[in-house]
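Participant: My questions all concern the structure below.
Each value in this text was obtained by applying a stated rule to the coordinates, not by laboratory testing. As the structure is a prediction and not an experimental result, all values here were calculated from the model. Cβ placement follows ideal geometry from the backbone for every residue including glycine, while neighbour counts extend to all protein chains displayed.
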Amino acid sequence: MSDSQSYRDADELEAALAYLIPTWCYTRIANPTTYYLQDILALLEGYGTGCDTSCVVTASGMSAIAMATDAFLVKQKSGPEKINFVSSIRLYGGSFQNFNVRKKQERGVEVRWVLHPENIQEWKSLIDEDTRFLYMEAPSNPQQSFADLKALADLAHSHEVPFLIDATCATPALMRPIGWGADIVLHSLTKSITAGGLAIGGAIISRRPIITKLKNDHPLFTESFAEYIQFLPYRDQGPAASPMNAMFALNDVRTLRSRMDLVSQNCQKVAEFLHKHQRITRVDYLGLPSYDLHPLAKQYMKLVDSDDGKGAEVNRYGHLMSFRVEGPPENARKVYDNFRLIFRATDLGRIKSVATIPAISTHQQQGEEARRLADIPPQLIRLCVGAEDPADIIADLDQSLASL
Ligand SMILES: *Cc1c(COP(=O)(O)O)cnc(C)c1O
């Protein structure tokens, strides 16, 4: 928990602060508890991929996303005036605001939105020589969008730009994008990784090395991007994770694989129930065989170290889903207000079931037009299924839908 270590003498102090020897100099830069979490997340995200990885943990998922993306949006000495990046529009509301307001409106960075991220041609048509990176969220919160991750990584690399992906809703238990060519994986640790709901945190995990044509004097920038962030911009901008929060994440990460297995199976049952319900016009869940992105997700989302008895890994699609209630938005609000077991809250990834209406919560700020482009109507309820008996969750949904 300590904010800094003490030193033997001036020589040791000087060497530590020049990063010449390992040090827990100051928690904003280096702390043993957060380091331990970083090493574990780097190992989990790199597991089975054959790639080396490094990780830095941050105060929140948003600070991880902001730190990782801003590092590619710096001015180059003789570079162009206008720079851009290409991103899926199907994003967590905070990421949308960071890109659209902080980067585009405030700093004049062009954000080129991909409306249908599963369409690789759409990405291709938006990239030019001033593109700094490609950005995707998969599965996306709340729409469950997905894309061919390998094709996207290959496309990025053919333009010498990195592919960044927010894989919060999958966690490394179900998907490790670095193995498919992603350069940088981002997580909100607040969600499924710290399922107890007691801490906020984020993580940047990078492949060693990343692919980028951007010039940076520091060798760590390409060789070990997460360490570069930690020792330079992170030090200077201050989004360090609290060691207390790192400890909560460490405690919960031990059960990540078994939890994701259980809650994915629960969510599958709930999604199948809602899919057949007359009052529901549409269910978005990658695990539903009838869902258009199911075949794509099937290639990528698999429970780590599982076996279906024939030597293949078992598919699991996570615990986030969304459904649309028929009729006007008031109907969705009524169903929502009638939940007895499911919690009404804006977080997700919990061990208990939690639901929100994104249009009036997580995606309220981005406005109606951006919600329309991102396919988030006011009838949409986002549900993250927990570890309760799925029959109880189904019964709760059934009774609340009966209130219509
Ligand atoms: C919640 C969330 C974030 C932001 O994380 P915070 O920890 O709330 O800052 C980013 N991406 C996704 C997919 C999220 O669900």
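Participant: Given N residues in the stretch 147-194, what is Rg(Cα) / (2.2 N^0.38 Å)? Write out the running numbers ahead of the final one.
Facilitator: On the way: Rg = 11.3 Å, N = 48, 2.2 N^0.38 = 9.6 Å.
Normalised by 2.2 N^0.38 Å, the Cα Rg of the stretch 147-194 equals 1.18.
Participant: Figure the gain on full extension for L13 and E122 (residue separation times 0.36 nm, minus the Cα-Cα span) and round it to one decimal in nm.
Facilitator: On the way: separation 109, 0.36 × 109 = 39.24 nm, distance 5.25 nm.
Taking 0.36 nm per residue and subtracting the Cα distance, the gain is 34.0 nm.
Participant: Let me ask something additional. Once amide H atoms are placed 1.01 Å from N in the peptide plane, what residues at a sequence separation of 5 or more from F133, or on another chain, have their amide H within under 5 Å of its amide H?
Facilitator: V86
Participant: Now for a different question. How large is the charge dipole for the stretch 62-146, taken about the Cα centre, if only the Cβ atoms of Lys, Arg (+1) and Asp, Glu (-1) carry charge, to the nearest 20 debye? Intermediate results must be reported in sequence, preceding the final value.
Facilitator: On the way: 11 positive and 10 negative charges, 49 e Å.
It works out to roughly 240 debye.
Participant: Further question on the same structure: If you restrict to DSSP beta bridges whose two residues both lie in the chain, what percentage is antiparallel, to the nearest 5? Don't skip to the end; give the middle numbers.
Facilitator: On the way: 26 of 43 bridges.
Here the antiparallel bridges make up roughly 60 percent for the chain.
Participant: Still on this structure: Quick one: what are the phi-derived ³J(HN,Hα) couplings along the stretch 166-176, Karplus 6.51/-1.76/1.60 with θ = phi - 60°, whole Hz, x for glycine and proline?
Facilitator: Calculated HN-Hα couplings, in order: 8, 10, 3, 6, 9, 6, x, 5, 10, 7, 10 Hz.
Participant: Fewest Cβ neighbours within 10 Å first, please rank R102, R176, R350, R8 accordingly. Don't skip to the end; give the middle numbers.
Facilitator: Details: R102 14, R176 25, R350 22, R8 7.
So the ranking, lowest neighbour count to highest, is R8, R102, R350, R176.
Participant: Exactly which GluC sites (Glu not before Pro) in the stretch 152-240 are in a DSSP loop and have at most 13 other Cβ atoms within 10 Å?
Facilitator: When the GluC sites (Glu not before Pro) of the stretch 152-240 are filtered for loop state and at most 13 Cβ neighbours within 10 Å, E160 remain.
Participant: Here is a further query. Assign unit charges at the C-beta atoms only (+1 for Lys and Arg, -1 for Asp and Glu), then state the dipole size of the stretch 10-253 relative to its Cα centre in Debye, rounded to the nearest 20.
Facilitator: Details: 20 positive and 26 negative charges, 108 e Å.
Computed charge dipole of the stretch 10-253: roughly 520 debye.
Participant: Which of the GluC sites (Glu not before Pro) found in the stretch 33-121 are in a DSSP loop and have at most 14 neighbouring Cβ atoms, other than their own, within 10 Å?
Facilitator: On the way: sites: E45, E81, E106, E110, E118; in loops: E81, E118.
Listed in order of number, the matching sites are E81.
Participant: Give a residue-ordered list of calculated ³J(HN,Hα) values for the stretch 284-292 (Karplus: 6.51 cos²θ - 1.76 cosθ + 1.60, θ = phi - 60°; whole Hz; x for Gly, Pro).
Facilitator: After applying 6.51 cos²θ - 1.76 cosθ + 1.60, I find 9, 8, 4, x, 6, x, 7, 6, 4 Hz.
Participant: Sticking with this one: Please identify every one of the trypsin sites (Lys or Arg not before Pro) in the stretch 241-287 that sits in a loop by DSSP and has no more than 11 other beta carbons within 10 Å of its own beta carbon. Can you show the working numbers first?
Facilitator: On the way: sites: R254, R257, R259, K269, K276, R279, R282; in loops: R254, R279.
In loop regions of the stretch 241-287 (DSSP not H, G, I, E or B), the sparsely surrounded trypsin sites (Lys or Arg not before Pro) are R254.
Participant: Sticking with this one: Distance cut-off 25 Å, Cα to Cα: go down the list K82/K191; K75/K150; K191/K269 and report the pairs above it. Mind showing how you got there, number by number?
Facilitator: Numbers: K82/K191 35 Å; K75/K150 29 Å; K191/K269 21 Å.
Among K82/K191; K75/K150; K191/K269, the Cα-Cα distance tops 25 Å for K82/K191; K75/K150.
Participant: Calculate how large, on average over all directions, the projected area of the Cα convex hull of the chain is; give the answer in nm² to one decimal. Please report the intermediate quantities before stating the final value.
Facilitator: Details: hull surface 81.1 nm².
Hull-based average projected area comes out at 20.3 nm².
Participant: If you don't mind, there's one more thing I want to ask. Given H placed on each backbone N at 1.01 Å, which residues far from V114 in sequence or on other chains put an amide H within less than 5 Å of it?
Facilitator: Counting only residues 5 or more places away or on other chains, the set is S87, S88, I89.
Participant: What number, rounded to the nearest 500 deg cm²/dmol, is the helix-based mean residue ellipticity at 222 nm of the chain, given -39500 (n - 2.57) per DSSP H run of at least four residues and division by all its residues? Intermediate results must be reported in sequence, preceding the final value.
Facilitator: Details: 16 runs with 142 residues, N = 404.
My calculation for the chain gives -10000 deg cm²/dmol from helical runs alone.
Participant: In whole Hz, what ³J(HN,Hα) sequence does the stretch 228-242 give by Karplus (6.51, -1.76, 1.60; θ = phi - 60°), x for Gly and Pro?
Facilitator: Karplus-based 3J(HN,Hα) across the stretch 228-242 equals 4, 4, 4, 7, 10, x, 5, 4, 8, 10, x, x, 4, 6, 6 Hz.
Participant: Sticking with this one: What is the Cα coordinate range of the stretch 223-304 on the first, second and third principal axes, sorted by size from largest, in whole angstrom?
Facilitator: 54, 27, 27
Participant: Work out how far the C-alpha atoms of the stretch 256-401 reach from end to end along every principal axis, then list the three figures in whole Å, largest first.
Facilitator: If we take the Cα atoms of the stretch 256-401, the spans are 48, 33, 28 Å.
Participant: Choose one of V114, S140, L155: the residue whose Cα lies farthest towards the positive end of the charge dipole of the stretch 109-173 (beta-carbon charges +1 Lys, Arg; -1 Asp, Glu; about the Cα centre).
Facilitator: Most positive-ward Cα: S140.
Participant: From the residues I351, N331, M301, which one has its Cα farthest along the dipole of the stretch 256-401 in the positive direction, the dipole being from +1 and -1 charges on Cβ of Lys/Arg and Asp/Glu about the Cα centre?
Facilitator: Farthest along the dipole direction, towards plus: N331.
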